[in-house]
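Worksheet: the structure to be examined is printed underneath.
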Amino acid sequence: MNHQKSRLGLAVLALSLSVTPALASGQAPSLRTLASARGLLLGGAISGELFNADNPDEAATINREYNAVVAENAMKMRAIANSPDPDNYLFATADAMVASAQKNGQTVRGHTLIWHDSAPAWVYEIQEKTAMRAAMTQYITTVVKHFGNRINIWDVVNEAISDGPGNPLRNNNPFAVAGPDFIALAFRMAHAANPAARLCYNDYSVEGLNGKSNAMYALVKGLLADGVPIHGVGFQSHLDTNFSVRDSGMQANLQRFRDLGLDVQLTEVDVQMVGSGSEKEKLARQAQVYGELLSTCLAVKCSAFMMWGVSDLTSWRAGGKPLIFDGDYVKKPAYGALIKVLQTAGK
Ligand code: XIL
């Protein structure tokens with residue numbers, strides 16, 4: 001054995017250990033390590049695939065990379081309450097997800113209490129204001145109390161704003177039977193059931209400065225003025241590679257919500273690969289959008305960056321390959337872009 005060489009090797013090892021422990025042990029830092037060091041929740045949506053023993057990469061990737069998770073569907077009304085009777089609520093899948101999160105040191109975002117798109121048939125049968133208020137109160141109270149302090153962030157109301165001109169509230173919302181204050185009611189009930197929880201309004205196509213984000217701004221400002229317990233806004237961020245963070249005015253938009261004293265969270269990020277160009281070019285463009293989304297989020301001191309899934313295999317928009325791991329759970333350029341932002345932003 002060449003002693004000189006081994007001494008040199010030891011010296012290099014010692015140096016690298018003192019500088020970058022994660023790299024010296026042969027491991028690149030994970031997203032969650034870097035995010036946690038910044039106090040940022042970073043993670044994504046989980047589905048039944050988490051428990052699929054035939055696809056161990058799903059759980060392994062989520063638990064290696066994410067410090068926060070959100071149920072893709074398991075906490076929606078249609079999953080929990082196909083019956084109006086609270087004794088018949090179905091919590092098994094959601095509870096298993098929360099148990100997995102606790103075991104893996106992950107924060108859980110609760111998604112979502114009041115969403116027109118997930119209302120079961122029995123909700124549509126309620127046509128009278130008092131009955132709808134009672135049904136909403138019972139549902140929200142039962143669900144929020146069931147999870148208790150296991151879930152301290154909730155999307156209380158999801159997608160209530162219309163996409164139409166003028167962007168009033170959407171008119172196909174069965175919960176609106178409860179009265180024009182049905183959003184305020186939902187937040188008040190959730191707050192009463194878990195006073196420690198951060199309560200969010202969540203919507204899509206509100207990332208940049210536009211008519212819909214103006215409507216959302218007016219909505220949450222009005223809620224705050226009325227003393228409604230709302231603490232944050234979720235910007236879903238279902239986007240594609242044509243989206244321009246800069247041209248959309250996203251930072252100024254997020255900042256105006258921060259200036260109201262609200263938490264800002266990107267809650268369902270995915271960036272579909274669209275347009276012409278080679279696969280390599282599209283991956284590069286996707287990485288650029290992901291990197292800009294995260295740096296903009298950090299620039300306004302957002303509190304969460306959540307993606308809608310983990311790999312292109314099981315994404316709800318799998319055709320657009322919108323996530324940061326490919327169908328084989330291999331890191332895409334977008335993964336590297338997020339790591340780079342976490343390592344360098346503000347430093
Ligand atoms: C989607 C899920 O990903 C699908 O599996 C389901 O069929 C429909 O809902 N906005 C939301 C999410 O707030 O709850 C939606 O999730 C995607 C759009």
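Table for the structure above
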{"item": "Number of the condition not met by PRO165 [criteria: (1) more than 16 Å from the ligand (Cβ to nearest atom); (2) in a helix (DSSP H, G or I); (3) more than 22 Å from ASN194 (Cβ to Cβ); (4) not small (Gly, Ala, Ser)]", "result": "(2)"}
{"item": "Residue in region 274-282 that is away from the ligand (no atom under 16 Å from the Cβ) and under 29 Å from LYS221 (Cβ atoms) present", "result": "no"}
{"item": "Of residues in region 238-253 being under 25 Å from ARG317 (Cα atoms) and either aliphatic (A, V, I, L, M) or modelled with pLDDT under 95 (or both), the one farthest from the ligand (Cβ to nearest atom)", "result": "VAL245"}
{"item": "Matching residues in region 298-347 - criterion: being out of contact with any Asp or Glu (no Cβ under 6 Å at 6 or more places or on another chain), within 16 Å of the ligand (Cβ to nearest atom), open to solvent by 60 Å² or more (accessible area, probe 1.4 Å) and in a loop (DSSP other than H, G, I, E, B)", "result": "LEU313, TRP316, ARG317"}
{"item": "Check on ASP95, within 30 Å of THR33 (Cα to Cα), of a type in the set (Asp, Glu), away from the ligand (no atom under 16 Å from the Cβ) and open to solvent by 10 Å² or more (accessible area, probe 1.4 Å)", "result": "yes"}
{"item": "Verdict on LEU262 being more than 16 Å from the ligand (Cβ to nearest atom) and open to solvent by 20 Å² or more (accessible area, probe 1.4 Å)", "result": "no"}
{"item": "One residue from ALA94, ALA74 being in a helix (DSSP H, G or I) and among the small types (Gly, Ala, Ser)", "result": "ALA94"}
{"item": "Tally of residues being within 21 Å of LEU113 (Cα to Cα) and not aliphatic (A, V, I, L, M) across region 195-212", "result": "8"}
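The values are calculated or read from the model by the stated rules, or taken from the named source; none is laboratory data. For clarity, every value in this text was computed on a predicted model and none was experimentally measured. Backbone-built Cβ (ideal geometry, glycine too); neighbour counts: all protein chains shown. Just the protein is used for accessible areas: all its heavy atoms, side chains included, with ligands, DNA and RNA removed. Shrake-Rupley method; radii C 1.70, N 1.55, O 1.52, S 1.80 Å.
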